[in-house]
Amino acid sequence: MKRILFAVLGAISLSACAQAPQGAADAAKTDPAKVYAAQPAVPTGNAPKVAAGSADARAVEAVRTLNPKVDIDKVGPAPMPGFREAVVGGQVVYVSDDGRYLFLPGSGGALFDTKAKRNVMEDTLAGMRRDLLKTIPASERIVFAPPNPKHTVTIFTDVECGYCRKLHSEIAEYNRQGIAVEYLAFPRMGIGSEDYKKMVSVWCAADRRKALTEAKSDHGAVSSKQCKNTVEQQYEVGQRAGLTGTPMILNVDGVQLGGYVPPAQLREALDKLAAESKTAAKPAAAVATPVGGL
């Protein structure tokens, strides 16, 4: 288990259980472009002195666009042309010389358009995840839903993961928030492990919802069962979707919303994404000039 705070970019710290076969993995995270507006407008973090109007100055401004509070320890030439290199909160980031794009390398890296305030990599990944989720039939999902859900999320889960158990213990509140939860299996210990066998037993149970709830309880008891199942397929889909820890929450468009997210906070995030989606779907001529807001 590893908790990551993307202080570099002002993202909210969310929690997930790491996938065991690949070792410790970064926790799932939100898109900093979604939360940057909550940061103070006036820069408060430290930064090296740079010449006004220089590429270094634009790099500093790009970082501060996403998080004005973060300390910038160093900025200078990058090993590749067209970029500046900055050390921010103990992490190396690269900023295009014009200050437009900021690249965060490493596992779960991201490329941010600081002008549009969005992670442009997420657009590609979301579409891929959406298509991958379609390969899992609805009959193979374990669903907990209110009568008339406002939103539906897919959650890759593991019965042995502490954060997955915490999330499931609040499933009634997610439903009260109007959120339908569709679970897919992701046994972090890998195919053939005891974890995997327990999840197969859940998916083979006559009452999957009851079996999943029992498997995630403190005693974690579940009757051993075997049947034709799609647990391995679901695990492979999770890997292809870029899952590094459970739970992994995805909306209907394949946008990753984090690891464990409290019910009210998840509802707020889903409402915002839905509103943005409606705005983006309108013809350009019909979109009014915004007054205030982002």
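The values are calculated or read from the model by the stated rules, or taken from the named source; none is laboratory data. Small disclaimer: the values here were computed from a predicted structure and weren't measured. Heads up, the Cβs are rebuilt from the backbone with ideal geometry, glycines too, and the neighbour counts pull from every protein chain shown.
In segment 229-244, the condition of being part of a strand (DSSP E or B), closer than 30 Å to Arg118 by Cβ and of a type outside the set (A, V, I, L, M) is met by no residue. The residue of segment 110-165 that is nearest to Asp97 (Cα to Cα), among those that are polar (S, T, N, Q) and at pLDDT 95 or above, is Thr154.
The set of residues in segment 220-239 that are exposed (fewer than 15 other Cβ atoms within 10 Å of the Cβ), under 19 Å from His168 (Cβ atoms) and among the hydrophobic types (A, V, I, L, M, F, W, C) contains only Ala221. Of all the residues in segment 63-91, those that are under 22 Å from Ala51 (Cβ atoms) and part of a strand (DSSP E or B) number 12. Within segment 184-199, the set of residues being aliphatic (A, V, I, L, M) and surrounded by 15 or more Cβ atoms within 10 Å (Cβ to Cβ) comprises Leu184, Ala185, Met189, Met199. Checking the stated criteria, Pro187 turns out to be more than 30 Å from Phe112 (Cα to Cα) and in contact with an Asp or Glu (Cβ under 8 Å, 6 or more places away or on another chain). Counting only helices (runs of 4 or more DSSP H) that sit completely within segment 109-182, those holding 2 or more residues that are under 17 Å from Gly258 (Cα atoms) and of a type in the set (Lys, Arg) correspond to 120-133, 162-169. Criterion first (within 16 Å of Met128 (Cβ to Cβ), touching a residue at least 60 places away in the same chain (Cβ under 8 Å) and surrounded by fewer than 23 Cβ atoms within 10 Å (Cβ to Cβ)) does Gly242 satisfy it? Yes.
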